[in-house]
1. If we sort B:392-398, A:101-107, A:260-266 on the protection proxy, mean other Cβ atoms within 10 Å, highest first, what's the order?
2. For the range B:456-603, go through all pairs of different Cα atoms, get the mean of 1/r, take its inverse, and jot down that Kirkwood value in Å.
3. Whose amide H sits under 5 Å from the amide H of B:Met264, counting only residues 5 or more places off or on another chain, with H placed in the peptide plane?
4. State log₁₀ I(q)/I(0) for the range B:24-75 at q = 0.20 Å⁻¹ as given by the Debye formula over alpha-carbon point scatterers of equal weight, solvent excluded.
5. Report the charge-dipole magnitude of the range A:328-486 in Debye, nearest 20, computed about the Cα centre from +1 at each Lys and Arg Cβ and -1 at each Asp and Glu Cβ.
6. How far is the Cα center of the range B:286-338 from the Cα center of the range B:176-254, in Å?
7. Indicate the gyration tensor shape class of the protein assembly as shown (rounded, prolate or oblate), computed on the Cα atoms with a ≥ b ≥ c the square roots of the eigenvalues: a/c under 1.5 is rounded; otherwise a/b larger than b/c is prolate and the rest oblate.
8. Would you kindly enumerate the cysteines in chain A that have no other Cys beta-carbon under 4.7 Å from their beta-carbon?
Protein chains: 2
Amino acid sequence: MGDKGVNPDLVKERQKCTFNIQELVHLIDGGEQATRDRKEVEELVLAIKDIRDKVPEEYLSHKERYENAVRKTVMMVEVLKDHALKHSSFDAYKPSNMYRIQSGIIKDISPFMLHMGMFVPTIFGQASPEQMSEWLPKALSLQIVGTYAQTELGHGTFLRGLETTATYDPNTEEFVLNSPTITSYKWWPGGLAHTANHCIVVAQLYTKGQCYGVHPFFVQIRDLDTHMPLPGVKVGEIGPKLGFQTANNGFLGFQNFRIPRNCMLMKNSQVLKDGTYVKSKSEKLTYGTMVLIRVMIVADAAYEIGRAATIAVRYSAVRHQSKPKADQPEPQIIDYVTQQHKLFIAIATSHAFRTTGTWLWDTYSKVVADLGKGKLDQLPELHAIACCLKAVCSRDASSIVEQCRLACGGHGFMLSSNLPTIYGLVTATVTYEGEFTVMMLQTARYLVKAWKQAVDGTAMTPTVAYLVNYINNTNRKWDNTPEGIITGFQAVAAGKIKEAYESIQRHQKAGNDYEDAWNLASVQLVNASEAHCRAILCNVFWTEVQRLSSSISAPLAQVLRQLAELYLTYWTLEKRGDLLVYSSISKNDVAWQQQRYEQLLALIRPNAVGLVDSFDVRDEILNSTLGAYDGRVYERLFEEAMKSPLNAEPVNSSFHKYIKPFVEKSKL
Amino acid sequence: MGDKGVNPDLVKERQKCTFNIQELVHLIDGGEQATRDRKEVEELVLAIKDIRDKVPEEYLSHKERYENAVRKTVMMVEVLKDHALKHSSFDAYKPSNMYRIQSGIIKDISPFMLHMGMFVPTIFGQASPEQMSEWLPKALSLQIVGTYAQTELGHGTFLRGLETTATYDPNTEEFVLNSPTITSYKWWPGGLAHTANHCIVVAQLYTKGQCYGVHPFFVQIRDLDTHMPLPGVKVGEIGPKLGFQTANNGFLGFQNFRIPRNCMLMKNSQVLKDGTYVKSKSEKLTYGTMVLIRVMIVADAAYEIGRAATIAVRYSAVRHQSKPKADQPEPQIIDYVTQQHKLFIAIATSHAFRTTGTWLWDTYSKVVADLGKGKLDQLPELHAIACCLKAVCSRDASSIVEQCRLACGGHGFMLSSNLPTIYGLVTATVTYEGEFTVMMLQTARYLVKAWKQAVDGTAMTPTVAYLVNYINNTNRKWDNTPEGIITGFQAVAAGKIKEAYESIQRHQKAGNDYEDAWNLASVQLVNASEAHCRAILCNVFWTEVQRLSSSISAPLAQVLRQLAELYLTYWTLEKRGDLLVYSSISKNDVAWQQQRYEQLLALIRPNAVGLVDSFDVRDEILNSTLGAYDGRVYERLFEEAMKSPLNAEPVNSSFHKYIKPFVEKSKL
């Protein structure tokens, strides 16, 4: 894009950039080819006639908004399907691609999201080969539209507590589905309300008078032709939410609803014709999908922080405010160090999470490959890492997106900035697919076990090996280098795990059973998991940036090192209290880190706009009056406002209907 | 209310309560009579026929929602006006009462909010007696509807940078208003878009070829009869936002728009007929309104935290989840210590902010009374306290409301929980009426000055007297009592102010001028202000609770002391890093505080529901499926969902319009 019509402040910022933006774009995408593929799909979808709204969605009613989202998704899927067929690849359908491209056309979440995000993967992961060959082609060509129904009104975290029942009837060779209570209604699945005609239902399996726990079933819920709910099915939407406005989240209940026996997903466990239950060989196999989705949440967090940072940094380069010096013009607000403090950590965190997400993905792939060879022993560690990374990355992402929004002052509060919508998307990830505290305590279970092993001198898995150093007091002493900081964070984690462990023991000695003692120590256990996760994030980010240095240009390597160092320094200052307690950092070191932090802000300042340009989010996908590439902030704010239906008439009817009669009466 | 139809868990919780709930209700309201008055107004408004929506607002389009808000506000104002006339008091019109009652009828902000909140107070504070006698009766009887237009598209924080001009023309004895640029358009005033026919416009005053800075003008913008914008006025709405959906925020521009000379508010400065400018005697007099609004923000923060806590605590008493013990039922989630950690600090913070708000109000009233006697010397201290309290309380309130929302898991994400709407209201206060960082740096200016005075041995104002102890090293040493903690926080504040001050000096010595040095030290300066504010909050809360103890019953005094101690202990643990650096706290003390914190959670646990019942928010004003008094959580969630217009038809039209044709085509 040329500089014509671009805000002059942004032109100047771009001239200052010290590295090659395209090089970083490719690095973020995962290679030049990946960039080309992404751009091709973007171009294809955004070029569809009428896919962009004339009246912005947020002016529509809830119902109109849903209908419009269906309209646009169908247009998009049509094009993506042709593209996929042409390339004999379903890559364009990849959930992450779907997720990203949809923000360009619906801003929010498509009602078809869980079809590709959960319905298809579940069939893929848990259906038998015969089931797969029957269902998968229909699902991929959207002849059937599905979703995934697990959570119930009264049951989220505790899977074993689900109440929906699937009782096998050997006479008809059918399962009978029932929702015995109000709390047993399925609640939350995206697309379930009015979009899907099928879904995977997770229910308590009963056969021969015995309950075998929760299992997945493939269930048709609406007539394929009329789309009417089938008899015995009660389905509808759960109402509006903070975000996910167009996700069409639904509820679902069954009354003696019958499905054929072979609708149970039978890759793992099975029910035979006569009702005999055949147990899965390994329950650990279902870990896979869950971990995969948590990996994706980390990657999406990186992406959304990137979008928010793009908006806030560009706006801060365009916006001028206050006059600290009487003889000089109002400075760009990005030149206030407090503003840099809010924004540059956002850029750094996006890179930290992307890097860690890739690392987690590689770890996951390796573990899955080993699973194929029958090696299951790495699963608990993978599970522990995925839990705390999912929790911490989603929560950090929420805070950082809000920080970016607040850094844009009042204008960040406008929906047209797109920052509130991004927040709605990101904050949801703190809860779904594993609630924050629950995830942290899952990791804590692993850490407490690892601590005992470390004390016993048992061999340790890599991500907790630092516990041994801590116990043997062979930790590197604090020094003001990235490696020193990482060791410091590991000491914090080890110290907190130890204390939480001792706290459990103390509560047990006081007469509590283990679970009560665990509960009493749980605030400390969550803190220990967080410390463990910080140590991993810092370690992976710094190590990967170092490793990369040899394969990228020197200017880019320098910028990435600055970002990684900023990330480590920022968290050193945030967690100085913990470091003072558990590591050998001194008060002078803290003061040194404070000064180093301010130096790093100054070093990054000239590249700030170049760095967000490198996230390479097209204007249509950024969807922001404040963040567009050309920086025409005020013009866009005005243009967007003028689209309001309220602005189509000089006088709103409510004046004549309500205000004027009241005033007339007052005068009497 | 009886226990019939009340969730049995809540019945049990209420039986456990150790104090008299009504006593606490009166304490929070400010006396028995105040409770009665509040309830009378609530009853009056909520009894209005058709004032409650059949279809919840969030299903309507943006435009319909506005029209409905006007309808309901007019009905409400009519009743409140009669009530006020009957009692010859405009108390029912009090912004805080208006603010609270409106959540029962519009959930959000009324488009008339700034009429009573800013328009009337500005006339009251800045109009001459003649102007007041002309405008005030009309405004109070709503014969004219007004708002307050200060912020512009390009100018918020920096008042002196406003671009709207008011140029005096002595020939016609008129001011000519102009909006010379796009950034000069007024942007944000509530009710400005389509509701108000008048507003206070803040503009640069030009007379006799000279600019005298910004002044307020009383401007009619719409025809009283037709409501058409007057010629030369461009007015409309700015579009939807994260919150304030029905506030009808607007933009406003002028083109050679003429108003009579006496439309300038002339209590302070004046322009004579011939164009001579007469300067105000004291510019400090306008401080008053600004401080008043900041006091109100602290009080509203307490109120909104109370609402969020009510919802989250009641829900957590009703919700059961997980099964830590195989032989026992799923526990109430409020029995998880991690949940108590999230919720009880919310209850404590509401009391801390209410107490501090009252203290700030009393301080304000005293200063205003002294102003009347010509004493201006307390103003800077009041300003400094009001700035940091506004900033910290609004930000803490946002975090805590979000914490309450996230503590309700997925259901907290539903608009029907009302938590997202409360967040929208609260997070806005972080920005408006003084942006967070700007406020913190205002306080920092005062603190740096105070530090110099303390070093010089000049007499100190009360809220910074602790600086002298710090310098003379006559601070009380750390001990694990509330008083010890307060002294510890004062040491943190003093230490951070000192370091920020030295950082400025260091940057100056390195060749920076004062403002650049200030900017380079600004992250530290913000931290210093926050520490100062924490010390005030802890000190005021604890001191006031101690003072109260003698005038309330022993059981209530005990509960309030527990809450105050929880507040202090929570912040000790949060800020342990700072305390370790700046106070004489030891690592053992930190461990002791951790244990004490867990004890306090256990002590407060039996009173949790009683404490939120004492916030005494009527179901209609709480507006929450999760938080109603009877705890019928799941039933209400379902009932609310069934109100969705999407649920009125089994098949949405989008299936036949978009999905079916696509599927048919796929089959070919």
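The values are calculated or read from the model by the stated rules, or taken from the named source; none is laboratory data. This structure is a prediction, so every number in the text was calculated from the model and none was measured. No Cβ is skipped: glycine too gets one built from the backbone with ideal geometry, and neighbour counts run over all protein chains shown. With ligands, DNA and RNA removed, areas are computed over all heavy atoms of the protein, side chains included. Shrake-Rupley method; radii C 1.70, N 1.55, O 1.52, S 1.80 Å.
1. Ranking, from highest mean packing down: B:392-398, A:101-107, A:260-266.
2. Answer for the range B:456-603: a Kirkwood hydrodynamic radius of 16.7 Å.
3. It is B:Phe218, by chain and number.
4. The calculated log intensity ratios at q = 0.20 Å⁻¹ are -0.74.
5. Computed about the Cα centre, the dipole is about 360 debye.
6. Rounded to whole Å, the Cα centres lie 39 Å apart.
7. Rounded, because the longest to shortest axis ratio a/c is under 1.5.
8. Singleton cysteines: A:Cys17, A:Cys199, A:Cys211, A:Cys263, A:Cys387, A:Cys393, A:Cys404, A:Cys408, A:Cys538.
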